[in-house]
Amino acid sequence: MTMLRLYLLLFRASVRSRMQYKLNFLLSSGLAAFINLMEFLLIAIILQRFGDIKGWSLYEIGYLYSVLLLSRAIYRILASDVHHIEKYLVGGELDQLLTRPIPVLLALMTQNVTILLGEVIQGTVLLVLCFQGLLAAGQIGWLAIPQTALVILAGSVILFAIGLLSATAGFWLTRVRDLQNITEDAARNAAQYPLVLYPGWLRMILLTLVPVGFANYVPALYILRGEYGPWLLLVSTAAAVLLLWVSFRFWRLGLSRYQSAGS
Amino acid sequence: MLFAVLARKAYARNLQYRGSHLLNTIASSLFGFVYVSIWIGVGDNRTLGEYGVDGMVSYVAFNQACLWLTVFLTNGLGLETAVRSGQVSLDLMRPVHLFYVLMSREWGQLLYQLLYKVVPIYLLYVLALGIRMPERPVTWLWTILALALASYLSICIQYLIGVCALWTTESRWLVWVNIALSQLLSGFLIPLEWLPGWLQTVSRATFYPFLQYMPTRIYLEMEGPNVLAGTIGWCLVMTVLCLGITRLVRRKVEVQGG
């Protein structure tokens, strides 16, 4: 409980300090939304022209896309600098965090907190549009809304765990940005689209090695298409809990091996 | 010769990070692979016009390989960092033109990216996806020329972005706007003729098609060398802009760092 209070306190302080640069905040939010929009626009244009991709409609792909976007936004807002650990490892700034009387991970999560307003707005708008379309077509019922909320939360835990695992690798590698490029950026980019598009080996990787597929694709199979059964939601929640546990253990191991690299 | 020295230094500096760049190359080829898979999915029960599924796979894969020559350059040619640290004031004092110095350096950077990113990604796609190769040898010449001109065009764009750092602290965002616009307008994922009409009009009014669409069409032998006239035209326009704006820059410089 104390940890949570501490976290909230540090989180608020960090947001306040960042909000001193209002123009910067508004500009970055607007542009982030614009850039994400462009990316989705490309897929929307393809689907508008050709109808569907391997049986997946625009609404369904928009659902996969926006669910993952929201999960990622939650992860990156609540665990800000976990993703930017390289800066701390290379510059030796992690030493400073080690001297603080709070867990290093907690300190890292509350540094430079950025409210990713652009992503949140764009993800929400897109998700609402897709919901409308899917509800109107009778493909899903109202129950899908709370289910999706659960999926987004579990997804953010999964993305956080993958992010933490990658960040922890930095204790051995120091330069970890390029690894994150594969485990976070490339994997997420792939999971924005239905996994059925990919050959077996890539699908396998996205469900085991970098299990980002559990964040949207697996639960969507049930929510959108009624395949398998409601236990798919349980599977993805269980995957989230398991991954979180593994990532915490790995983080502790990594931290105990930390050797300062700064000068 | 100054050009060669600057280019060589920029090239050599990159060699230090070959290992971590390898991971980056893997990530980049995975991105491309996702786009290829999308088109294979779309082409599941359709013919995909003059390209065919095969052609679209080649189109998207070749585009992805070229990104490191035509889009992913040094952000603002490093001008933003130079303004932050105050280094730019020294750079402007040198007896060489600022644009010339930065351009020379960037060519070294691009040579590195060509050898360690573009060629490996391209070869990987040739092996793994069996993408099309030109049938006529002369096509190689035109493709290389188109890519070289596109690289120069891109250097000019980055220079103009970088120069904005002298007037605003938010110039970094222009880098992202440029990437987003180029994704949409350069025909990188969707051939221009398949964009909605209004977007085609917008696209054709800009230099973006000459960065990706045209070089790739030339490579696929769907376009002759005559389209290079357009690239050359844009290169001239952008060069004039770059030189003109440098004059403006030299009048008054404010640096942020110290």
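Normalised by the number of residues in the stretch B:2-251, the mean separation of alpha-carbon contacts (under 8 Å, six or more apart) gives a relative contact order of 27 percent. Remark on residue B:189: its backbone amide H falls under 5 Å from none of the residues 5 or more positions apart or on other chains, H modelled at 1.01 Å from N.
The chymotrypsin sites (Phe, Trp or Tyr not before Pro) of the stretch A:9-52 that DSSP puts in a loop, and whose beta carbon has at most 14 other beta carbons within 10 Å, are A:21. When exposed loop sites are taken as GluC sites (Glu not before Pro) in a DSSP loop with at most 11 other Cβ atoms within 10 Å, the longest stretch of chain B clear of them is B:136-253. Counting only alpha carbon atoms, the long axis of helix B:119-129 and the longest principal axis of chain B meet at about 20°.
Couplings for the stretch B:64-73, taken from phi via the Karplus curve 6.51 cos²θ - 1.76 cosθ + 1.60 with θ = phi - 60°, read 5, 4, 6, 3, 6, 10, 10, 10, 8, 9 Hz in order; Gly and Pro are left as x.
Between the alpha-carbon centres of the stretch A:88-125 and the stretch B:206-258 there is a gap of 38 Å.
Helix A:58-78 and the long axis of chain A differ in direction by around 10°, with both axes built from C-alpha atoms.
Between residue B:16 and residue A:13, what FRET efficiency comes out of the Förster formula 1/(1 + (r/R0)^6) with R0 = 51 Å and r the beta carbon distance, rounded to 0.05? Before the final figure, lay out the partial values.
Values: r = 38 Å, r/R0 = 0.75.
In this case the efficiency is close to 0.85.
For residue A:100, the solvent-accessible surface computed with a 1.4 Å probe is close to 80 Å², ligands and nucleic acids excluded. Calculated on C-alpha atoms, the gyration radius of the stretch B:2-251 divided by its Kirkwood radius gives an Rg/Rh of 0.98. State the Cα centre-to-centre distance between the stretch A:184-263 and the stretch A:5-50 in whole Å. Spelled out, the Cα-based centre of one part sits 23 Å from the other. For chain B, a Gaussian network of Cα nodes joined below 10 Å ranks B:146, B:27, B:82 by mean-square fluctuation, and the top entry is B:27. The C-alpha atoms of chain A define a longest principal axis, and helix A:2-18 lies at about 90 degrees to it. The base-10 log of I(q)/I(0) for chain A, evaluated at q = 0.12 Å⁻¹, reads -0.77 [Debye formula, identical scatterers on Cα atoms, solvent excluded].
For chain A, modelled as a GNM whose springs connect Cα atoms under 10 angstrom apart, the maximal fluctuation among A:142, A:251, A:56 occurs at A:142.
For the protein assembly as shown, the average shadow cast by the Cα convex hull is 26.1 nm², which is a quarter of the hull's surface.
The values are calculated or read from the model by the stated rules, or taken from the named source; none is laboratory data. Fair warning: this is a prediction, and the values are worked out from it, not measured in the lab. Neighbour counts are summed over all protein chains in view; Cβ atoms, including those assigned to glycine, are modelled from backbone coordinates with ideal geometry. For accessibility, only protein heavy atoms count, side chains too; no ligands or nucleic acids. Shrake-Rupley method; radii C 1.70, N 1.55, O 1.52, S 1.80 Å.
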